[in-house]
Every structure is written in C-alpha cells, then in structure tokens.
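First the structure, in the form of structure tokens, and then the observations on it.
The values are calculated or read from the model by the stated rules, or taken from the named source; none is laboratory data. The structure displayed is predicted, hence computed values, not measured ones. Using ideal geometry, Cβ is built from the backbone for each residue, glycine included, and neighbour counts are taken over all protein chains shown. SASA here: full protein model, heavy atoms, side chains in, ligands and nucleic acids out. Shrake-Rupley method; radii C 1.70, N 1.55, O 1.52, S 1.80 Å.
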4 protein chains.
Amino acid sequence: MSTSPPDVPNAIPKRAGWREHWYEIIFEADTPAGKLFDVWLLAAIMGSVVVLMLESVEDLDEKFHAWFDALEWFFTLVFTVEYTARIVVARRRWRYMFSFFGLVDLVSILPSYLMLVIPGAERITVIRMIRLLRAFRVFKIASMIAEARLLREAIIASRSKIAVFLSCVVIAVVIVGTAMYTIEGTRDDSPFTSIPQSMYWAVVTMTTVGYGDIAPQTALGKALAAAMMLFGYSLIIVPTGILTAELATSHQDEPPHVPPPKAPTLACPECMAEGHDPDAGFCKFCGAKL
Amino acid sequence: MSTSPPDVPNAIPKRAGWREHWYEIIFEADTPAGKLFDVWLLAAIMGSVVVLMLESVEDLDEKFHAWFDALEWFFTLVFTVEYTARIVVARRRWRYMFSFFGLVDLVSILPSYLMLVIPGAERITVIRMIRLLRAFRVFKIASMIAEARLLREAIIASRSKIAVFLSCVVIAVVIVGTAMYTIEGTRDDSPFTSIPQSMYWAVVTMTTVGYGDIAPQTALGKALAAAMMLFGYSLIIVPTGILTAELATSHQDEPPHVPPPKAPTLACPECMAEGHDPDAGFCKFCGAKL
Amino acid sequence: MSTSPPDVPNAIPKRAGWREHWYEIIFEADTPAGKLFDVWLLAAIMGSVVVLMLESVEDLDEKFHAWFDALEWFFTLVFTVEYTARIVVARRRWRYMFSFFGLVDLVSILPSYLMLVIPGAERITVIRMIRLLRAFRVFKIASMIAEARLLREAIIASRSKIAVFLSCVVIAVVIVGTAMYTIEGTRDDSPFTSIPQSMYWAVVTMTTVGYGDIAPQTALGKALAAAMMLFGYSLIIVPTGILTAELATSHQDEPPHVPPPKAPTLACPECMAEGHDPDAGFCKFCGAKL
Amino acid sequence: MSTSPPDVPNAIPKRAGWREHWYEIIFEADTPAGKLFDVWLLAAIMGSVVVLMLESVEDLDEKFHAWFDALEWFFTLVFTVEYTARIVVARRRWRYMFSFFGLVDLVSILPSYLMLVIPGAERITVIRMIRLLRAFRVFKIASMIAEARLLREAIIASRSKIAVFLSCVVIAVVIVGTAMYTIEGTRDDSPFTSIPQSMYWAVVTMTTVGYGDIAPQTALGKALAAAMMLFGYSLIIVPTGILTAELATSHQDEPPHVPPPKAPTLACPECMAEGHDPDAGFCKFCGAKL
C-alpha cells in the first residue's frame, strides 16, 4: 500500500477500519507496529520450538514436566489467538486457510488440542516442530530477503549443473557400492551386508562424512576405497570451479543491482502471495488489487 | 539424418522401410517416438537396478524372493527383446555387437540365462548391475548433454592440474604413511600394521573422511597427524583457487557459447559413435554416411 | 609519532624523557627496540602457553612438576614486570587498565597469585590460557596486519550472507534432527535419544565431521541421512560460489590497493586504540593528540 | 646447453667426450636418450618403493621374503651404479655429493649395505623410502613442470594469507581445546585427558576429519562442538573466496603467459641447481658457465 506514490491521481484508496489496521500489523512488516509484531512472533516461535526440543530430553522432561507443559499450553494459546486473528483480518479467509502458511499455522496448534481428545497421541506431537517453518514468514523483516533471494536464484540458475553433478555422484555411488559389496560382502562378519548398505557407505565416504561404522577390511576393499576418495576429492574441485566461474561471469555482465526497497514485504491481500514488483498495481497471481 | 538441410541438391536420401523407422526410435532421440522409447527404457533400467539392489538385502530376499525373481525375468526378457531389436535394425550388426554399449547390453542379460545352465552361478549375477551404464546412453535425451559436456571439458582442461595435485597428494600419502608406520607401528596393538595400511589411513585422513578405525595413539603420532591435517587443509584451498581462477578467466575470453541443437543425439548408423558436428555429412570415426 | 612528516611546520613535538622512550618500546613496534621487545614478548607468551598445556598432561606433570612450576613462576614474574611497566609508562593509566588488553594482561597473571592465597584453586588456573590472546597484540609486528584486515573485512562484508547461510543450515538441522528422532528414536538402544541429540548428530553430519558415535541404524534413517549428505554437499557449492563471485567482482571495481606503511602499528597514547589513518593527527576515538 | 642459439657468435662451445654425452643423458632430459633414462629411472624408483611397502606387510613378507630381498638387492645395485655414474660424470663431484639430491641418492642405498655390517639394523631400513623424493628430480620430464610451478607460485603468493589463516585456526584450536578440556575433562572416563589431547580433538574436528575416538559426551560439550563446527564451516568459505578472488584478479592483469620451452630441465653443471632463465649464460647461484 505504502509504495503507491502520492502524486498519482488514481491511487488505490486506503481501506479504512481496524481490520485494515490489524491486517498491516499481522501480515506486513512496513510499519513499526508490524515489525514489533513480527519480532515478538519470532520470539514465541523460537521459544516454543526450544520447549519442544527440551521436552524430548528424558532427564529434563522428568524434572520440569509441569513447566514444559505449562509453557507449551501458553504458546499454543498464543498461536491460537494469532491464527484466529489472521482468519478474522484476512481479506479472503478460505484462501488464507488453505494457503501453505495457513495450513502450517493450523498444524502448529492442532496436535496440542488432539492430545486432549485422544490420550495416547503423544508421539504425534513432534509434528508441532513444523512451527519452525513459520519463522520463514517472519524473516521478511530483515534485509536478509535480498540475500536469501540471491541464494535461491543461484541454486535455481545452477539447477541443471547440480542435477548433472548429483547424477554422476549417484551413478558412482551405485557402481562403487556394488563393487564393494562384491569385494567385501563375502566375509562373514562384513558390515557390507547388502548393496543398499554398501551404497550408504559410499555416500557416507564420498561426502567425506566417514562415520566408521561401515569400513572396508580387506586390502582390495581398502585400495578401492582410497582410490574412490582421492578421485572423488579431485572431482569436487571441478564443479565448484565451474559454478564459481559462471557466477563470476554473470555478475560482471549484469547492470548494478538495486534492490527494491520495502516492496518484498508487501503481501497480496487476497492470496497472501509475496514477491510483487514495487510498481505492481495488481497481484500477479490472483489479479486482486494491491 | 534430420539435420541435412533441404536446399542442398545432393542431400543424402532418407532410407525407407520399417527398419529405418525403428532405427530412429531405438537408436536416436529426435522424434517423439524415440524420446518415448528412451524414457521407458530408462524406467526399465532403473526398475531392474532397484530389484537387483533389494535382492541383495537378505531380509527382503527371504520375504519377496518369488517377486524379485519374476521381476528380474520380466526385465531380462524386455532387455532381450530390445537387444534383438537393436541387432536387427542396426546397419552394421557386428560393429554394434562389439561396440562398448553392445557388449554392455549383452552382459546385462547373459548372467540370467547362465544361471539356468550353471546352478551355482548366483554370485556372478551381481554383474548385471552393469545395466546401470546403459542409462548413460539414454541420458542423451535431456538438455543435460550441454552441462555434462561442460563438466567433461572442465575435467579434461584441468587434467594436468589434477594430475599434479594428485601426484603431490600421493607423494604426501607415501611419506606421511611411512612416517606414521615408523612412529606408531612399533606398539603391539597398533592399527598401523604396515606401510600400505598407514597409507590407507593417510588417504582417509587427508580427504577428511576419517573413519576412526585407524587413528594415532601416541603423542608424536597425534602431533604429526594434526600437522598433516592443518597443512593439507590450507593446501586444498590453493588448487581450488587456481582452477576457479583459470575457469573464470577462460570463460571471459571465449565468445558466447551457442550449443548445437539436437545434433548430439545423432548416432553414426555404422559404428554407433556420437558427438558429430551438426553440419557433418560423414562419420568422423568410420567415414560412413550420416 | 614517527609518521609525522618533518617538513610540516606545526608538527607535534616529541615528548621527551625515559617514559616516552619506554612507551615506544612497549606499546609500539616502529623502532628496532620496539620490534625486539615484541618478539621476546611473543616468545614468552608462547613458552608460557606451552608450559600450561604440558602441565595438563598427567604423565608429564608427575615427572616434571617442579620444572613446570618454576617456569610458570618465571613467566608470571616476567608478565608482572611487563604489566607494571605498562601501567607506569601508559599516558592514561586507568584507561589502559580497563581496556580489553589491560584486563587480559591482569587475568594472565592473577590466577598464579590467587593460588598462593586460596590453596584449592588449581582448577581455575586454566584461565591463564587467556594469555594467548595477548599474542594478538604482538601480531601488529608483521605485514600480517594487512592480510588479517582483509580477512576481517571479507567476513564483515559477507556477514549477512553467512547469516542467511547459517540460518538455512540451522533450520535444516532442526528439521532433519526432528525427523531422525522420530524415525530412529523409537528403538530401545538408539543413540538418537532426544531432539537436541539428533540435532547434534545433524550438525556433525552436515559439516562432514562424522564422528560415528551417533549413526542411523534403520534403513529409513540411513536413506534420509544419505539424502541429507548428498543434498547438503551440493548446496555447499552454491554459497561458496556466490561469495567468491562477489569478491572477484568487488576486487575488480576497486582501485589498486595501497596498504599504508607502518601506520597500523601506531597506538593511541591515551586509549590504546589502533587503526588510525597514517595522516591522522588526533585519535579518532578519544581525540587525544597522536 | 642446447638452448644457446646458433647465430650468436660467442656461443659457449659444447664440451666433447663421453662424459659430456652421459652427463646429458643422466642429468638432463632434453635428448631422447635423456628422457628414456629418466623414464626407466622413475620405473626403478617406483618399483623399489612398492617392494619396500609390500615388505612391511607381515603376511606378504613371510611368503615372499626371498623375492622381496632379491628385488631389493637388484634395485640397490641399480641405484648404486647410477650413483657412481652421477659422481663420475658430474662436473663438480663434491658439490653434487653434498647437494640435496646427492644426499638423497646416498641415503637411498646406504641402509641396504649397513644391514650387511650391522645385523640388527632392519628397523632403520624404512629410511630407504626417501627414494621417493628422487621421483621429484625425474618429474622434470613432463609438461607437469609448468603446472607444478604455477602451484608453487600460488602457494608462495598466498603464503602470508595461509599464515594468517593458520594462525587463526591454531589460536581457535588452543582456545576451543582448553574450553573443552575444562568442560569435558572433569568426568572420570572422559577422552579429553589433557589440553594437548583436546587440541588434537579440535584439529580433527575443525578439519572435518572426525575420527570419533575422542568426542564430547556432555550436553554443554556437544553444544560447544556443534557451534565450533558450524562457525568454522562458514569461515572456511571466506578464505577460499579471498584467495580465489585474488587469483582471478591477478590472472586478468598479467599478460598471456608463455612458458619457456625446455629451459626448466637445464641443470647447472657445477651446483646442479635448476630454474635458470632460458637466456641465462651463467648459473645464478654459483656463477658457473651454463
């Protein structure tokens, strides 16, 4: 809203009323109140996620079960109020409720209420960790948006390169895995019990994680493993170089990048979609007036 | 075939008949039917490889042995039909049969039939995993060709750099391996039982895999290992930088790259070789008309 | 001091006396005596840190306890003399004493004296390792300053990129950790005992450290772990590329970099701050005459 | 010798005789005979190193002890003949004998003869692995020289950067090691038995090797370790980027690089030093005529 220049005669008139006021606070982050709301929401999300984590530690759960329970209910109530408020102020309620973030909002609070109805459903409550995804919505606050977009663009631009790289790695994993199963699998106490197991070992080794729970024990197996490591290590350098070179070249060709100020935080009032251009008058996804 | 321009008076005449029709479907990927064939073939290859993998898991094999056997015979029959078709439609049969992919095709199906004749040959059936290599032939479908070629070119261009890098690593592995064998190998229960074993440890460590089945136990051995890790880690940065810099420079010098459309999927009708230029009238490997 | 050009008429007059002489030796590194002082101080710091390290090895401590004790007292006395000298020659004593390095200097020697008063305080003496931080002050000797600044600038410039990257990694760690806890945590002897424990495993795996004390044991857990490794590995390449491209571009835009000679070693006589421009006549932090 | 152009009137006259002939074969690699000599010498070095390696494997040594002994004596005799020949044809014998490679040549054969005199000296024979270093002299054959020089130059050019990077890593290792010793070392069965041990763990972790023989067991220790891994991982990206950017920039500035043909293989007849410029008339190290 705030991006429409004042000198344009047919500027879209600001909708009045408390709903519009709260809409800006809850869904956008252009106003100080909207920013404050997002900061507190982020704090609540983080707090709630930390409680869920600590609850899974048996020692802590035994000692502080009552505290964790109380905090969990506090956060559940906060999120319930927030969810209700979002439904109330959203311009197209159903669209919000069935949007990605609308469903995440629902799934974040539902398991707590389900626990009251179905007593043995405690295992399912881990699904509440999905709350963390809500943090993504809040991250629109920061100047991180531009960085995150750059990261996403780089991944999309190098999509097919990553695909080729992963294909080569997967084929290498299958071949090396089969070879190691053939070489090492014949011994009785060998950890290479099957081809999938050997492939798991190959992935663990090629990514240089190397747990050591599965490791070659015959001389031939060790020689093959060493060759795979050295070869793989050299080849890692090549795709890194290609991607970097590509990025360096593309950076130099493009004109100096001016990030659009504030615009990324503008959400479509109808479908909640973001990412509109700063001069857009209508949502590019559903055609609603911005 | 389809690349010969229509305005050239002495254009190579299209060979007629069903064999030519099926040749294009089976060996090339320019027509919709050819693409469809490749997609289904890829699915069959993947399915067959997955069955072979799962068959090697004892638990699953006990439960679903009949299913795996049936599926394996189904895929074997499919590949047998395909192999026969390839022989029938190929222009130079013997050349195809002794080409790399012709042999892979044969080895992919032979073990299953051998099992009928020689009962105890089950161990050998793992060789059927070579079917995976057939996927490479099918990959000519995708736009991946250009990416894969870039990757291959980068590896070839930096061949001598990788060789120097690997030489240095190998020499470091031998020297550090010998040193660790001398330092650690004197203790009775030391895992550094021989120089090759110590070299295996050096490779596992320098590539940062680090299984932990072999690890230094004396103070001197640990100090040497730590020095090797730190030193090696710093040196990794240098070759990466050199290669990237080289690639970045070469990218900027070369004119914008226009990938030749379709041409990479054209196979020589005689020797099955690929990679002909789009304006080539004759196979550059065997001289046959394209 | 030595950077004020001789032809400027109103050059700041050199303060006379032995205090000024010793100030230049102890706090600066422009004169041969100042450099020598720094070299010896660095040697003392290193020696003292090595003694503290070796003291923590039980076997060595039993054999050489008297030696270590004597050396430790020797270094403590040296540092006490140095600390006293710094207080005496510093222009603003209190400011020095409460500056970062002033406090480090104090904490470096205090525990040794505390041990005389409070007998059981031996555990606390490990705090003397903070002496190592004093090495940073001495590093102003070398041409390393320019390099270190470049490193620091690069980290600061890519601060928000690192933040986005770390955010993504942390969110991935939480999600994968929770998923692995749900998949693997139900087995009785599983090492995935809680969500924090699983998150620790996720960090150890994503950074490719891979201790192996916690590793998936079910087929599903292994598949998820392998997917995470491969995916994570590909994504590592992208941020590396972005950063490198950015640095390569920024390097080309900026004018050739001429490092200011000697200036970085000039410390403000009042507040001990460094980093003044070579032509600065007054401290940019406290306004004192340089 | 062969690089002196024929049209220069005062060209250094070629020394005649068989000694000069053999000098070119043994010490240089410009002639076909010289190249052949180097190839065979490399083969002998490699063969001898492989025999020494396999000899250290107990199982193999028991079975093939006689073979290994015979081969070892064969190689020792070959190297003795070669060493004698080098002394005979070298222009300044003593200088060669006390040059780096001269000493390596001696140490490569001496232990075998010492074993005849001193019976119990078998452990010392591992020193013969130093033969591998002789391979470096032979590597002057290949076009690898240019690559190796590029690698060496890159390392030298980024020497101070690597030093700063290593300093930071070492300081981080000391601080984290001390912190982990304080946190984890108090438990009775903790593997963090001393500060050096903890520092070894820190190096193993920061280089992402991660053996797993030493791993944190307390919650606090795990949290610190995870933070160190994540932080360290992000920081790795920065120095890589800096170095790459520097290399990319320097590559673009410098004129196209024309490697001097053949010259690198020219050795000074007096002091055996290499690396003379192609137009050099005198050794830049000892002043002898080239």
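Taking every residue in region A:95-111 that is assigned by the TED database to the domain that holds A:Thr80 and pairing it with any residue that is part of a loop (DSSP other than H, G, I, E, B), at least 6 positions away or on another chain, the pairs with Cβ-Cβ distances below 6 Å are A:Arg95/A:Cys271; A:Tyr96/A:Ala90; A:Tyr96/A:Met272; A:Ser99/A:Met272. The residues of region B:166-194 that are under 16 Å from B:Gly232 (Cβ atoms), in contact with a Phe, Trp or Tyr (Cβ under 9 Å, 6 or more places away or on another chain) and within 7 Å of another protein chain (Cβ to nearest Cβ), listed by number, are B:Leu166, B:Val169, B:Ile171.
Within region B:104-118, the set of residues being at pLDDT 85 or above, among the hydrophobic types (A, V, I, L, M, F, W, C), over 15 Å from B:Ala70 (Cα atoms) and touching a helix residue (DSSP H, G or I) at 6+ places or on another chain (Cβ under 6 Å) comprises B:Val104, B:Val107.
Within region A:156-180, the residues that satisfy the criterion of being open to solvent by 30 Å² or more (accessible area, probe 1.4 Å), within 19 Å of A:Thr207 (Cα to Cα) and not small (Gly, Ala, Ser) are A:Lys161, A:Ile162, A:Leu166, A:Cys168, A:Val170, A:Ile175.
Here C:Phe101 clears all of (1) at pLDDT 85 or above; (2) surrounded by 14 or more Cβ atoms within 10 Å (Cβ to Cβ) except the condition numbered (1).
Criterion applied to A:Ser194, A:Ser190, A:Ser198 was being within 19 Å of A:Ala227 (Cβ to Cβ), without any contact (Cβ under 8 Å) to a residue 60 or more places away in the chain and not hydrophobic (A, V, I, L, M, F, W, C), and the one residue passing it is A:Ser198. Just one of (1) under 23 Å from A:Ile171 (Cα atoms); (2) surrounded by fewer than 20 Cβ atoms within 10 Å (Cβ to Cβ) fails for B:Phe37. It is (2).
Taking the criterion of being in contact (Cβ under 8 Å) with a residue 60 or more places away in the chain, closer than 19 Å to C:Arg91 by Cα and not in a helix (DSSP H, G or I), the residues of region C:14-66 that qualify are C:Glu28, C:Ala29, C:Asp30. If you go through region D:195-221 and keep only what is hydroxyl-bearing (Ser, Thr, Tyr), assigned to a loop (DSSP other than H, G, I, E, B) and facing another protein chain (nearest Cβ under 7 Å), you end up with D:Thr207, D:Thr208, D:Tyr211. Of A:Ala179, A:Ala202, A:Ala157, A:Ala215, all but one fail to be within 21 Å of B:Pro191 (Cα to Cα) and of a type in the set (A, V, I, L, M); the exception is A:Ala215.
For region A:161-207, filtering for residues that are of a type in the set (D, E, K, R) and under 16 Å from B:Val209 (Cα atoms) leaves 0.
Taken over region A:143-155, residues that are surrounded by 17 or more Cβ atoms within 10 Å (Cβ to Cβ) and either at pLDDT 70 or above or among the hydrophobic types (A, V, I, L, M, F, W, C) (or both) amount to 5.
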